[in-house]
Amino acid sequence: MYFGWNLGLPVGGTLGLGIATLLIILLYVCFSFSYTELACMIPKAGGAFDYGREALGNAWAYLVGTAQLIEFLFAPPAIAAAIGAYFSLFLPGIDPIWIAIFAYLLFTILNILGVKFAATFEFGITILAVFELLLFSGLTLPSFSWEKFSSNPLPNGWTGALSSLPFAVWFFLAIEGVANVAEETKDPQKNILIGFGSALATLVVLCGLVFFSSIGVGGWEMIVYPESGASASDYPLPLALRKLYGESGWAFHLLITIGLFGLIASFHGIILAGGRASFEFGRAEFLPKVFGKIHPKFKTPANALIANTIFGIAALCTGKTSELITLSAFGALLLYFCSMISFFVLRKKQPERERPFTVPGGRILPSIALVLSAIVLTVSAWQHPILFGIFVLILGSGLIWARTAIFGK
């Protein structure tokens, strides 16, 4: 909510990104209900990787699990870049990338120290982040202008609207990480359902509020470009408040301060889930076994977390926030498509298996999620062919480590 989605405005405009977001909301509603059935039935740290393994074996599990890893590995460096950008408003003398690297190291250590402490911290900063988004909406909606909101609504035509799809995904990306902490959750069959339901409702409401309240202040260009000729910004909400209150206003400084908590909540939450995903890959020997080890004292996947951080810092140093978001979205969309295939296969193979939660409507919601994820992935690949080629290369590169686990010795 605090950044990233605004990078879809230069390509899609208000109308293009708005339509893309409505389509993605439908995808996530259908997917989340369907994925919850899988998560409650198979409460394991690997999430989609474990569901795919039970459904169609190791080769399918590799495809699903690698897509999940790409999502969880490329999203945090993009968020870290935004954390650096927000902090640089207070510390203009420090290069934002050093702030971002420090954040990476700090929150990796936090996650290594224990899941209970990490989860409690995550809950606290999430409450602050949600409060700040509600406050932001309250401060900006009275100044909402339909004329400004609808200005230049489709700058690149409908092709641009299609290009904005990965940035609409960013509003909801990694919600499925709820499932990856299943092995560390009390009564997962009950609490995973509560987690998914509350997360989805929160994101849908805040997505709508942020989209209208931020763009309606002065048009979409104002929350993308800090000044004429500047590159796209990683801090759109402060730009909206600056228009109303100036940089010396209390609201501007409050949003920057608490807004950091919003970025940290997303950053920390994906690091938490990503560590479990890499751990499960190592435990199943799809990565070197060292990644599947638990820290003897803290009982957390420390090796997996450290490896993810090293990779993330390297990706951060490229400075390609928009590209990182798109690669992460590719991973998410492939994960959603493959997970729905796993859903239908498990329904057929294991009809009598206990399902603490069953998706309402029978096969309707998972079918919609399957079709939409396939369409959005195909369209996104068409609009971003070079990045999709890189995505496919990354998918294939994992076979270096996973070939024995998939094909045998």
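The values are calculated or read from the model by the stated rules, or taken from the named source; none is laboratory data. It should be emphasised that the depicted structure is a prediction, and the values quoted were computed from it without experimental measurement. With ideal geometry, Cβ positions are generated from the backbone for all residues, glycine too; neighbour counts draw on all protein chains shown. For the accessible areas, the whole protein counts, side chains as well, though only heavy atoms, and no ligand, DNA or RNA atoms are used. Shrake-Rupley method; radii C 1.70, N 1.55, O 1.52, S 1.80 Å.
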**Q.** Net charge contributed by nearby residues that have their C-beta within less than 15 Å of F196 (K/R +1, D/E -1)
**A.** -1
Q | Difference of contour (0.36 nm per residue) and Cα-Cα distance, I400 to W98 | A | 105.5 nm
(Q) Can you compute the modelled spin-label distance between I386 and S198, with each label point 7 Å from Cα toward Cβ, in nm? (A) 4.4 nm
Q. Per 20 Å bin, what is the whole-percent P(r) computed from every C-alpha pair distance within the chain?
A. 28, 60, 12, 0
Q) Of the GluC sites (Glu not before Pro) in region 320-361, which ones lie in a loop per DSSP and count no more than 10 other C-beta atoms within 10 Å? A) E352, E354
Q | Note, ³J(HN,Hα) from phi for region 132-149, Karplus 6.51, -1.76, 1.60, rounded to Hz, x at Gly and Pro | A | 5, 5, 5, 5, 4, 5, x, 7, 9, 4, x, 9, 4, 10, 5, 4, 6, 4
(Q) Placing +1 on the Cβ of each Lys and Arg and -1 on the Cβ of each Asp and Glu in region 265-353, which of T309, T326, P296 has its Cα farthest towards the positive end of the resulting dipole? (A) P296
Q) What ranking, highest mean first, results for peptides 386-395, 368-377 when packing means the other Cβ atoms within 10 Å averaged over each residue? A) 368-377, 386-395
Q. Pairing the Cα long axis of helix 58-88 with the longest principal axis of the chain, what angle in degrees results, from 0 to 90 and rounded to the nearest 10?
A. 30 degrees
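Taking a probe of 1.4 Å, how large is the accessible area per residue of the chain, in Å²?
40 Å²
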Q) Working out 0.36 nm times the residue gap between E221 and V371, then minus their Cα-Cα distance, what length gain in nm do you get to one decimal? A) 50.7 nm
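Just order 94-101, 246-253, 10-17 by mean Cβ neighbour count inside 10 Å, highest at the front, would you?
In descending order of packing, they fall as 10-17, 94-101, 246-253.
Charges only on Cβ, +1 for Lys and Arg, -1 for Asp and Glu: so what's the dipole of region 5-406 about the Cα centre, in debye to the nearest 20?
940 debye
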Q. Please state the Cα pair-distance histogram of region 79-177 with 10 angstrom bins from zero: what percent is in each bin?
A. 12, 24, 38, 21, 6, 0
Q: Give the peptides 311-317, 333-339 in descending order of average Cβ contacts within 10 Å, highest first.
A: 333-339, 311-317
(Q) With the cut-off at 25 Å, tell me which of the pairs K116/K293; K289/K320; K44/K289; K186/K297 have Cα atoms farther apart than that. (A) K289/K320
Q | Nearest-ten-degree value, helix 321-349 long axis tilted from longest Cα axis of the chain | A | 40 degrees
Q.
Which one, G197, Y225, I125, projects farthest toward the positive side of the charge dipole computed for the chain from Cβ point charges (K/R +1, D/E -1)?
A. G197
Q.
What is the angle, in °, between the Cα long axis of helix 96-112 and the longest principal axis of the Cα atoms in the chain? Nearest 10 is fine, range 0 to 90.
A. 40 degrees
Q. Taking Cα pairs under 8 Å and at least six residues apart, what relative contact order does the chain come out at, in percent?
A. 34 percent
